[in-house]
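What follows is a short report on a single structure.
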Amino acid sequence: MTDALLHAQGLAKTFEGRRGLFQPASRIQAVADVDIVLARGAALGIVGESGCGKSTLARLLLRLIPPSAGTIRFDGQDITALEEHAMRPLRRRMQLIHQNPSAALDPRLSAEDAVAEPLRIHGVASGRALRDRVAALLAEVGLPSAFLHRFPHELSGGQKQRVCIARALALQPELLVLDEPTSALDVSVQAQILDVLEELRARRGLAYLFISHNLAVVRQVCERVAVMYLGRVVEEGTAAAVLGAPRHPYTRALLGSVPRLGARGMAPAAAGEPPNPAAPPQGCAFHPRCAIAVDACRSSIPPLLAVGDGHHVRCPLSL
Amino acid sequence: MTALVEIRDFRLSFDTFDGTAQVLDGINLTLNAGDTLGIVGETGCGKSVLARSLLALNPSPPARIVSGEIRFRGDDILRLPERGMRKLRGRAISMVFQDPASYLNPLLSVGTQMEDAIRGQDAAAGARARPRHAARALAAVLLAAVGLPEPARLLDSHPHQLSGGMRQRVLIAMALAGEPALLVADEPTTALDVTVQAQVLALIARLVADRGLALMLISHDLGVVAASCARVAVMYAGTVVEEAPTTELLARPLHPYARGLIAAVPDLDRPDHRPQGIPGSIPGLIAPPTGCRFHPRCPAATHRCRTEKPLPRALLPGRAVACHHAVP
């Protein structure tokens, strides 16, 4: 796997909770034993419900927080323990898009200034060349020059997200980590932003790590998908296999719970709610909600098993 | 037969420093006993303001009723004094909201809050508040009715000890306390995970069927409305652009905005179908577009659309469309 842009192995993150007066510190295993391979120009979706560790995983992969275990390689280079000054040149090549563009933009910076800022900081361009470059970036995300001098409060949610994307593109990254990029947007605007993202990927050969709770959006954008539950990947493979023919009971429950336009009525596909990460169930974390759980599920965590071409499932009962 | 709720040409404005925002611009809707009506639309279309209008929950100022009426069992509730409104809230019309955590007091146990709500209902009805132990007994019954296990233990717990799904069930239980005829649910599952959302929607469907409740469900999610409601009204910029049986609307939307909204939803089962965005963005309501408020984004807009506001037309039985050019 030398041609992978991003390659993580055995990645884990444990957060230490605050110690109470009479209580020992609680430990929350947010991410455990995660392997990720993202090829250049590919799009990998990470899906799961709140608390499954998908946003923590994104922050780990960008080295915004240090992992507790495992290794991360970016373009062949081990970045697991790189010092911040050594990370800085790599940061230009990996960018993050947040869920809420209103919070991600400085209210005092115009669209032009917001996009120019990273170019100035990295000394990429100045003067006329800088202005031309910023205008070209904004045009690339569908914002004509009329938007250059608008401030965030003069922009709609979709337009703000376009500014964030242009800003992320400014330093010509190879990897975009998109953390719920359309969740704060209306559905008619979501479709526009997804179009912009798809065009950019095709034109610039970007790789996407696309984090979302919206399975339909992930199915549209990504070739591969990893499903997380309580910090672990429970199923991964091509989007067509995982979302079209799911094997893991949790993936099935997740897909069965999505309201479909064509269907009246709602049959809950899983009982109960995701468990508290501070007190995870023994064995397979999904067993308390699983309809097919057996004794073995309650005692040991099953390994990821290959069930087909590049399709892995963390459930021996689904073989 | 008198309709349960009849909204006629209802107009409501918000007075702001920048001017008067015409938030609801002539809403017409009818709900009969046992009906399930979904209100769907994007941010700022006025769906939540409309829902809150049924219970006079929009703070005034800034909200100002301009014209029209909302009749509940024939009585115009817009002209009701606060005392009269209090008799309706919870007893005739109940409401559940998007974010269950912010509607529960973090300092009080679930039991205390439910007792207070139940005894408050007694007082609003002009009766003597029942004793706490009797209110507690009813609370336990209600918690069991919304599918919460071990009601007795739950009554002693505090909101932070409950999951999001459990909190929303507690609020639904409280909404049932006054045996309302209509449940207004404003994005009741938006803050919940999808597996929990499915459970809560199934619960609402069961309560509606078992208790003969009418349901008005407000959502930005067409899928949620499709799963829960027999009829749906699509709102855009303060107007209802189309109202139809849900299956018919989804199969063949007649209003260009309804068509655009449905085409924008990515379909999990048809990954090769590309969702289409609607060009442009929602208009401001202080100076809304003239004529049809959708005309600046409409692919079929003509001169008439820019000058003349389209009124709802019954193009097919049970379907009303506010568009000059829609054809059945």
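Being surrounded by fewer than 21 Cβ atoms within 10 Å (Cβ to Cβ) and of a type in the set (Gly, Ala, Ser) is the filter; apply it to the stretch A:242-268 and report the residue that is farthest from the other protein chains (Cβ to nearest Cβ).
The qualifying residue farthest from the other protein chains (Cβ to nearest Cβ) is A:Ala245.
Within the set of pairs 6+ apart or on separate chains, which have a first residue in the stretch B:42-58 that is in contact (Cβ under 8 Å) with a residue 40 or more places away in the chain, a second that is of a type in the set (S, T, N, Q), and C-beta atoms under 6 Å apart?
Between residues of the stretch B:42-58 that are in contact (Cβ under 8 Å) with a residue 40 or more places away in the chain and residues that are of a type in the set (S, T, N, Q), the close pairs are B:Arg52/B:Asn58.
Within the stretch A:148-246, considering only strands (runs of 3 or more DSSP E) that don't extend past its boundaries, which have at least 2 residues that are touching a Cys at 6+ places or on another chain (Cβ under 9 Å)?
A:207-212, A:224-229, A:232-238
Given the residues B:Arg319, B:Arg297, which is the only one that is basic (Lys, Arg), within 11 Å of chain A (Cβ to nearest Cβ) and crowded, with 19+ Cβ neighbours inside 10 Å?
Details: B:Arg319 fails: within 11 Å of chain A (Cβ to nearest Cβ).
Sole residue among the options that is basic (Lys, Arg), within 11 Å of chain A (Cβ to nearest Cβ) and crowded, with 19+ Cβ neighbours inside 10 Å: B:Arg297.
Could you grab me the full set of residues in the stretch A:249-269 that are in contact with a Pro (Cβ under 8 Å, 6 or more places away or on another chain) and free of Cβ contacts under 8 Å to residues at least 40 places away in the same chain?
A:Arg252, A:Ser257, A:Met266
Which of the residues that make up the stretch A:309-319 are surrounded by 13 or more Cβ atoms within 10 Å (Cβ to Cβ) and in a loop (DSSP other than H, G, I, E, B)?
A:Arg314, A:Cys315 - these are the residues of the stretch A:309-319 that are surrounded by 13 or more Cβ atoms within 10 Å (Cβ to Cβ) and in a loop (DSSP other than H, G, I, E, B).
Is it the case that A:Ala129 is among the aliphatic types (A, V, I, L, M), in a helix (DSSP H, G or I), in contact with a Pro (Cβ under 7 Å, 6 or more places away or on another chain) and free of Cβ contacts under 8 Å to residues at least 12 places away in the same chain? Write out each step before concluding.
Working: among the aliphatic types (A, V, I, L, M): yes; in a helix (DSSP H, G or I): yes; in contact with a Pro (Cβ under 7 Å, 6 or more places away or on another chain): no; free of Cβ contacts under 8 Å to residues at least 12 places away in the same chain: yes.
In short, no.
Could you tell me whether the stretch A:230-248 includes any residue that is without any contact (Cβ under 8 Å) to a residue 24 or more places away in the chain and more than 26 Å from A:Asp195 (Cβ to Cβ)?
The answer is yes; a qualifying residue exists.
From the list A:Asp78, A:Asp106, which one is exposed (fewer than 14 other Cβ atoms within 10 Å of the Cβ) and within 16 Å of A:Gln161 (Cβ to Cβ)?
Checking each option against the conditions leaves just A:Asp106.
Take the stretch A:176-206 and flag every residue that is β-branched (Val, Ile, Thr) and within 24 Å of A:Ala4 (Cβ to Cβ).
At the first step, the residues of the stretch A:176-206 found to be β-branched (Val, Ile, Thr) are A:177, A:182, A:187, A:189, A:193, A:196.
A:Val177, the sole residue that qualifies.
Just checking, does the stretch B:257-267 include any residue being within 13 Å of another protein chain (Cβ to nearest Cβ), under 15 Å from the mean Cα position of the chain (by Cα) and buried (at least 21 other Cβ atoms within 10 Å of the Cβ)?
So in the stretch B:257-267, the residues within 13 Å of another protein chain (Cβ to nearest Cβ) come out as B:257-267.
After this cut, where a residue has to be under 15 Å from the mean Cα position of the chain (by Cα) as well, the list is none.
Checked against the condition, which is being within 13 Å of another protein chain (Cβ to nearest Cβ), under 15 Å from the mean Cα position of the chain (by Cα) and buried (at least 21 other Cβ atoms within 10 Å of the Cβ), the stretch B:257-267 yields no hits at all.
Does A:Ala296 qualify as being out of contact with any strand residue (DSSP E or B) (no Cβ under 8 Å at 6 or more places or on another chain), exposed (fewer than 15 other Cβ atoms within 10 Å of the Cβ) and away from chain B (no Cβ under 14 Å)?
Criteria met by A:Ala296.
Looking at the stretch B:158-179, can you tell me whether even one residue there is charged (D, E, K, R) and either in a strand (DSSP E or B) or surrounded by fewer than 21 Cβ atoms within 10 Å (Cβ to Cβ) (or both)?
yes
Could you check A:Arg224 against (1) among the charged types (D, E, K, R); (2) at the interface with another protein chain (Cβ under 7 Å from one of its Cβ atoms); (3) under 19 Å from A:His312 (Cβ atoms); (4) touching an Asp or Glu at 6+ places or on another chain (Cβ under 8 Å) and say which number it fails?
A:Arg224 satisfies every listed condition except (2).
Residues are listed down the side, and each one gets a yes or a no for (1) on the phi > 0 side of the Ramachandran plot; (2) small (Gly, Ala, Ser); (3) modelled with pLDDT of 95 or more:
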position: B:Ala140; (1), (2), (3): no, yes, yes
position: B:Ala145; (1), (2), (3): no, yes, no
position: B:Leu162; (1), (2), (3): no, no, no
position: B:Gly165; (1), (2), (3): no, yes, no
position: B:Val184; (1), (2), (3): no, no, yes
position: B:Val194; (1), (2), (3): no, no, no
position: B:Ala198; (1), (2), (3): no, yes, no
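Scan the stretch A:111-121 and tell me whether some residue there is among the basic types (Lys, Arg), closer than 30 Å to B:Thr43 by Cα and not assigned by TED's automatic domain parsing to the domain that holds A:Ser188.
Taking the stretch A:111-121 as the starting set, the residues that turn out to be among the basic types (Lys, Arg) are A:120.
Next, from what is left, pick out any that are closer than 30 Å to B:Thr43 by Cα: none.
No, there is no match, as no residue in the stretch A:111-121 is among the basic types (Lys, Arg), closer than 30 Å to B:Thr43 by Cα and not assigned by TED's automatic domain parsing to the domain that holds A:Ser188.
Residues that are polar (S, T, N, Q), in a helix (DSSP H, G or I) and in contact (Cβ under 8 Å) with a residue 12 or more places away in the chain: does the stretch A:287-308 have at least one?
yes
From A:Leu148, A:Leu171, A:Leu200, A:Leu176, grab the single residue that is closer than 24 Å to A:Val134 by Cβ, free of Cβ contacts under 8 Å to residues at least 60 places away in the same chain, surrounded by fewer than 24 Cβ atoms within 10 Å (Cβ to Cβ) and not charged (D, E, K, R).
Unique residue meeting the criteria: A:Leu148.
Can you say whether B:Arg132 is over 26 Å from B:Leu55 (Cα atoms), out of contact with any Gly (no Cβ under 6 Å at 6 or more places or on another chain) and of a type in the set (Lys, Arg), as far as the supplied structure shows?
In short, yes.
Filter the stretch B:183-193 for residues that are surrounded by 21 or more Cβ atoms within 10 Å (Cβ to Cβ) and of a type in the set (A, V, I, L, M); which is nearest to the other protein chains (Cβ to nearest Cβ)?
The residue in question is B:Leu192.
Which residues, taken from the stretch A:205-216, are within 14 Å of A:Gly48 (Cβ to Cβ), of a type in the set (A, V, I, L, M) and within 14 Å of chain B (Cβ to nearest Cβ)?
A:Leu215
Which one of B:Ala233, B:Ala209 is aliphatic (A, V, I, L, M) and within 13 Å of chain A (Cβ to nearest Cβ)?
On the way: B:Ala233 fails: within 13 Å of chain A (Cβ to nearest Cβ).
When all the criteria are applied, what remains is B:Ala209.
The values are calculated or read from the model by the stated rules, or taken from the named source; none is laboratory data. Only a predicted model underlies this, so the values are computations on that prediction, with no experimental measurement involved. No Cβ is skipped: glycine too gets one built from the backbone with ideal geometry, and neighbour counts run over all protein chains shown.
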